[in-house]
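The values are calculated or read from the model by the stated rules, or taken from the named source; none is laboratory data. Bear in mind that the values here come from a model prediction, so they are computed numbers and not experimental data. Backbone-built Cβ (ideal geometry, glycine too); neighbour counts: all protein chains shown. Calculation scope for accessible area: heavy atoms of the full protein, side chains included, ligands and nucleic acids excluded. Shrake-Rupley method; radii C 1.70, N 1.55, O 1.52, S 1.80 Å.
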Amino acid sequence: MPDVQALVGDFALKLKRRKVEGSHASARQTAELLRSVVSQQRLPHAGQAAVLIDAVRAVGEQLIAANPVELAVGNIIRRVLHIIREEDLSSTTTAMEGLGLSADSDDDNAGDHEDRPALSAAAVAAAARSALRAPSLHTLLEDIPESAAVPHASSSGGDSEGKSKSADKSLKSRKLKHDVIEAINELIQDIDTCHEQISEQAVEHIHQNEVILTLGRSRTVKEFLCAAKEKKRSFRVFVAEGAPRYQGHVLAKELVTKGLQTTIITDSAVFAMISRVNMVIVGAHAIMANGGVIAPVGLNMVALAARRHAVPFVVVAGSHKLCPLYPHNPEVLLNDLRSPADLLDFDEFSDCMDFASRGGSPLLHVVNPTFDYVPPNLVSLFITDTGGHNPSYMYRLIADYYSADDLVVKRRSTS
Amino acid sequence: MGPKKVARSASSDDPEELARVPLQAVLLADSFATKFRPITLERPKVLLPLVNVPMIEYTLAWLESVGVEEVFVFCCAHSNQVKDYLNKSQWTKPPSSFSFSVSTIESHDAISAGDALRVIYNRSVIRGDFILVSGDTVSNMDLTQALEEHKDRRKKDPLAVMTMVIKHAKPSSTTLQTRLGTDEIIMGIHPETKELLYYEDKADHLQRVILLDKTLLMENPALRLHNDKQDCFIDICSPEVLSLFTDNFDYQHLRRHFVKGLLVDDIMGYKIFTYETHASYAARVENFRSYDTISKDIIQRWTYPFVPDVQYLGIGYQAKLERQGIYRAPDVILSRSAHVGAFSFVGNGTTIGDHSHISTSVIGQRCVIGKNVVIESSYIWDNVTIEDGCKLSHALVCDGVHLRAGVILESGVILSFKVEVGQKLVIPAYSKVSVLPQPCKQDSDEELEYADATSGVIESPSITSVANARNQDLLSDMLDVPGSDANKVGISGVGYIWSVSEAEHDEEWRFSIAPIPKEKLEKFSHSAHDDNDEVNHDESSIPASGELIPDSDGTDFDGGVGEDYRDSADFENEVEATFRRALAGVDVQNVILEISSLRLSYNMSHADCAGALFYAIMKSASDISYSNNTELSANTKMEINKWKNLLKNYIKSQDEEIEVIMKFEEICLETIREFRPLFTDILHHLYEEDIITEDAILSWENEKQGADESDKIFVKQAEHFIKWLKEASEEDEDEDD
């Protein structure tokens, strides 16, 4: 597959060189790339899901390493892995319904998989249910302990199945791949339409004559506000300009062309203005599993101001920004320090950095972090394409979208 | 970048654009300089690691990011190493969808950038505009706009062959050096068209005087002189540049010969323009000082995205950025009690022992650093072993160096590849140590000196007495059988300390990695003060800051004076001949041009021109037949009136005016004695015609005050006139009050 390898290499290079930026673009391109990886992957008769998973993991490892700060890439990879597992499970269950279930699972356990929990009928049923997406708290609780075991077991289940029954395997292999590609297509569509789905909910949240505050520029926020405007809501928007990139200026321009009453304020004026604000609506770079948000720099301050004045702090984000990882030291590890040139003119300050005549050590430091971490307790509501959610509900959404096995996207050296 | 450009060219109807040539770049992987010796004896400069990544990576990555599609790497010295490196690197891997290809051009006899460009011309690989950079450029600027400006200009004016990228920089007022350790550059730029009109990188700092060609001011209504611009050495060139280099086979240096050549040579009319970049970073590693400065800039992320934790560069592993700008590779073994301070980089596989302190330093891969080591603002490359208790400050340590316990490197020390230093040795400041002996110079005297110096430096008193005896043994061993015997001597080291000539030694601190020592700075600010004072008192004198003039400069100056006499006579004759042609009806503009070029070729000042021209005028006046003094005076006045505009071209300040008066004296005394009685009369006339101001006359008189009686005849003759002038000026002052 030199073809796919080249594609992967290209995309990894683009990510490395920061030529793909923004979580939306990265997510979409990752999904498209994975679709071609899956469609070009040759599948053996046995253990198809495992092969697919390995292939996707191999690609995923490269992409995540290429730009670890862009969490959307990892999210999409985990979503695709989850899709493969689900599709495999559902096909296994259908296959098993046709077969003698018990004999197969016995076979399996007799082998070298003793360390793994037994593939009980209950587990299969639970897995099948989860594959059919029955999102109730009950299934979830029941599901979690076994979920680690199910995929391995099912893949080996497929294995033994391949040995015993070879009649319908060609059909099945095509079917699995086909299903996975279908699901990825759906995912791509989801990513494409997430803005519309989010903005559909705008009227429910923005009311007549309200004052909305936002910071910087987020496409999701823009569409959200415009959607409310289109539904004949009249409201005012305060835009904090979002130093040092001043994307707020761009947003203000866009809002004004849509006929929205807009006021630009400096970032430092947020606290002064917040008492007049009814709701803060902002975009995010990523939502972490604990409900914390990685967001453009300055938002933590806005969130604290909002909390002080009991103003609802609403984060709008597509579900591709939902990251199943917990933030550890997010200010440093999940941050991107950009060029200080955004902040100040290098030339003007070059004499402050003349190391030759100033003792050799730099006295002037300029730090330009891209992201802020907003802890979950400051967020009032998340609006994703599936509706509004509390920060404490995030883990639940994550369990829907991701499989616990995939949190670490690394190929296992054994097995 | 790629697709964008295609779209642009497709949309334009210009046939020239339709036949699109890929954007090409010429990368000179050889600096044709010796600033990085002794390191560059073993490895080409472009492969030296800058924050653990070879310099050429920065340049290539930047070229790729600005949309260059074809790069020709010109290698000369160590060409095999460059080629090997490129073959292994990511750049020459079979290209995927990125259209970026790197190919090498090799030549072994090129000794300058000029030669390199001539070789490239002969290969005829350049098809359109190209970017000319050297392989030690670090930049993140976006060239799109500069390229467009260049193309637009080219369409309007095919003579605009080059666009130079410049950047605002503030040279330090005391050392007259930029933060990159380069000398202040004086550029004259047209404020609107941004045409480069004047370029001087070797301005005489001691005099703080620059000489501008008067034609420059005549031809250009506006000219802005900058000393606060930094030349980024990034040029966008048209293919003509290559042919120009081929035509003018004596062009060697890009700036000193080519740029100045084009600016001075009006005949071809080629023009150079500038493009100033503001927010982005662009700099060139020219010497150790800029190596230090640029390393720190990279660590402070001014070159984003070309920083260690973004994997733009082929670094091979991912360094993580931690708080306070500390970059750490994944496999670092750091003792619990070791301390890595802010703005440091620790490379892969490096081990750092207990209680070691590291601050603002870059440490390469697989280094072993012992206990209680202090490393401060130093650059340590790969596979270096530093044993317990060493102290390094502002030093550069190359691959494979072994420092035994207790070694102290004073600031500015350079240790080249595989040097070993024996126990408890103190390497004095600014030393350069290499396992290769210093190459012999052509001069046999110097060779002797060098041989003395090698042993001399080791014996120098700065080495502790304990180490001294031991070390001398080692050294004698080493000198007898260099290299082979080295391993036998367990406790001692391997390497030659390079000597520097006296003149160079004085300048060493300027380009060193170490910050400029305090004393030097103080000395500088004092002398700057002195300079200013003296300039105020007497503008014509050269400030006596003798301590700053390196010996070599001094002798140069003397030599120049010696030659002056012969030259000036020739020069006068030439100017006179030119002037005669003017009399014969040649256009005044051409005369100006010819005199300007004469001035340049004889390396004369404007004052000399004014003197010579005045002499020529007077001579022509005396050639007209006359019967008595009144007639001669009238003739002379007429001639002066006729040519005063020409003369004024060269009279820009009092210096020139005084020169004219002196010349006049000389004429009266020596050559054309007929003018003797008319001295005051004509002086008065010159004064009235505004050729000479009263200040000049008065200061001339002042100057003559202490002269011999015989020199004073004309002062006496003009006594009345001078008195009148003085009174007049006093009256003026009275009126002012």
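Once the Cα gyration tensor of region A:174-219 is diagonalised, what are the square roots of 5 times its eigenvalues, in whole Å and ordered largest first, as equivalent ellipsoid semi-axes?
Rounded to whole Å, the semi-axes are 36, 12, 5.
Let me make sure I get this right: for region A:280-415, a, b and c are the square roots of the gyration tensor eigenvalues over alpha carbons, sorted descending. Under 1.5 in a/c it's rounded, otherwise prolate if a/b > b/c, else oblate. Which is it?
Because a/c hits 1.5 or more and a/b fails to exceed b/c, region A:280-415 counts as oblate.
Place a +1 charge on the Cβ of each Lys and Arg in region B:21-293 and a -1 charge on the Cβ of each Asp and Glu, then give the dipole magnitude about the Cα centre in debye, rounded to the nearest 20.
On the way: 30 positive and 37 negative charges, 76 e Å.
For region B:21-293, the charge dipole is close to 360 debye.
Can you tell which of B:Leu678, B:Ser601, B:Leu583 lies farthest toward the positive end of the dipole of region B:560-736, using +1 and -1 charges on the Cβ of basic and acidic side chains (Lys, Arg; Asp, Glu)?
The listed residue farthest towards the positive side: B:Leu583.
Whole-Å semi-axes of region A:25-73's equivalent ellipsoid, largest first, each the root of 5 times a Cα gyration tensor eigenvalue?
In descending order, the three semi-axes are 23, 12, 7 Å.
Take region B:610-671, compute every pairwise Cα distance, and split them into 5 Å bins from 0; I just need the percent in each bin.
So the P(r) values, bin by bin, are 4, 18, 27, 27, 16, 6, 2, 0.
Gap in Å between the Cα centre of region B:15-89 and the Cα centre of region A:22-66?
That distance is 36 Å.
If we count every other residue with Cβ under 14 angstrom of B:Arg224's Cβ, Lys/Arg +1 and Asp/Glu -1, where does the sum land?
-2
If the reach is capped at under 27 angstrom between alpha carbons, list the lysines near A:Lys19, excluding any in the same chain fewer than eight residues apart.
Within the straight-line limit of under 27 Å, A:Lys19 reaches these lysines: A:Lys222, A:Lys253, A:Lys321, A:Lys410, B:Lys4, B:Lys5, B:Lys88, B:Lys93, B:Lys151, B:Lys167, B:Lys296, B:Lys320.
Over region A:296-415, average the accessible area per residue using a 1.4 Å probe and give it in Å², no decimals.
For region A:296-415, the solvent-accessible area averages 43 Å² per residue.
Magnitude of the Cβ-charge dipole of region B:570-640, K/R +1 and D/E -1, about the Cα centre, nearest 20 debye?
Result for region B:570-640 is approximately 120 debye, rounded to the nearest 20.
For region B:333-398, what are the per-bin percents of Cα-Cα distances with bins 10 Å wide, up to the bin holding the maximum?
P(r) over region B:333-398, rounded to whole percents: 26, 67, 6.
Any residues in region B:170-196 that have 40 Å² or more less accessible area with all protein chains than in their chain alone, probe 1.4 Å, and which are they?
Relative to the lone chain, where solvent access is computed with a 1.4 Å probe, region B:170-196 loses at least 40 Å² at B:Lys170, B:Arg179.
Probe radius 1.4 Å, ligands and nucleic acids left out: can you give me the accessible area buried at the B-A interface, summed over both chains, in Å² to the nearest hundred?
Chains B and A together bury approximately 3600 Å².
How big is the antiparallel share of DSSP beta bridges in region B:21-293, given as a percent to the nearest 5?
50
What percentages, rounded to whole numbers, describe P(r) for region B:286-408 computed over all alpha carbon pairs with 5 Å bin width beginning at zero?
Taking all Cα pairs of region B:286-408, the binned fractions are 3, 12, 22, 28, 19, 12, 4, 1 percent.
Checking buried surface per residue: for region B:278-311, which residues lose a minimum of 50 Å² accessible area in the protein assembly relative to the chain alone (1.4 Å probe)?
Buried by the other chains: B:Lys296, B:Gln300, B:Arg301, B:Trp302, B:Tyr304, B:Gln311.
Give the carbon-plus-sulfur fraction of the accessible surface of region B:21-293 in %, rounded to a whole number; probe 1.4 Å, heavy atoms of protein chains only.
Carbon and sulfur atoms account for 52 percent of the accessible area of region B:21-293.
Given a 1.4 Å probe and every protein chain left where it sits, what share in percent of the accessible area of region B:560-736 is carbon and sulfur? Don't skip to the answer; put the middle values down first.
On the way: 4050 of 8930 Å².
The C+S portion of the solvent-accessible surface of region B:560-736 is 45 percent.
Tell me the per residue accessible area of region B:21-293 using a 1.4 Å probe; a whole number in Å² is fine.
That works out to 36 Å² for each residue.
Report, by chain and number, residues whose modeled amide H sits under 5 Å from the one on B:Cys367, excluding near sequence neighbours (fewer than 5 apart, same chain).
B:Thr350, B:Thr351, B:Asn383, B:Val384
State in Å² the accessible area per residue of region B:560-736; use a 1.4 Å probe, count heavy atoms of protein chains only, and round to the nearest integer.
Value for region B:560-736: 50 Å² per residue.
Of B:Tyr121, B:Val138, B:Leu197, which is farthest towards the positive pole of region B:120-215's charge dipole, taken about the Cα centre with +1 and -1 on the beta-carbons of Lys, Arg and Asp, Glu respectively?
Toward the positive end, the furthest listed residue is B:Tyr121.
Rank A:Met279, A:Met301 by accessible area, highest first, at a 1.4 Å probe radius?
Ranked list, largest accessible area first: A:Met301, A:Met279.
Over region B:159-310, what lengths in whole Å, largest first, do the semi-axes of the equivalent ellipsoid take, defined as the square roots of 5 times the eigenvalues of the alpha-carbon gyration tensor?
28, 19, 15
So, counting K/R as plus one and D/E as minus one, what does the shell of residues with Cβ under 13 Å around A:Val311 add up to?
Charge balance near A:Val311 sits at +2.
Based on DSSP, what percent of beta bridges with both residues in region A:279-415 are antiparallel, to the nearest 5?
60
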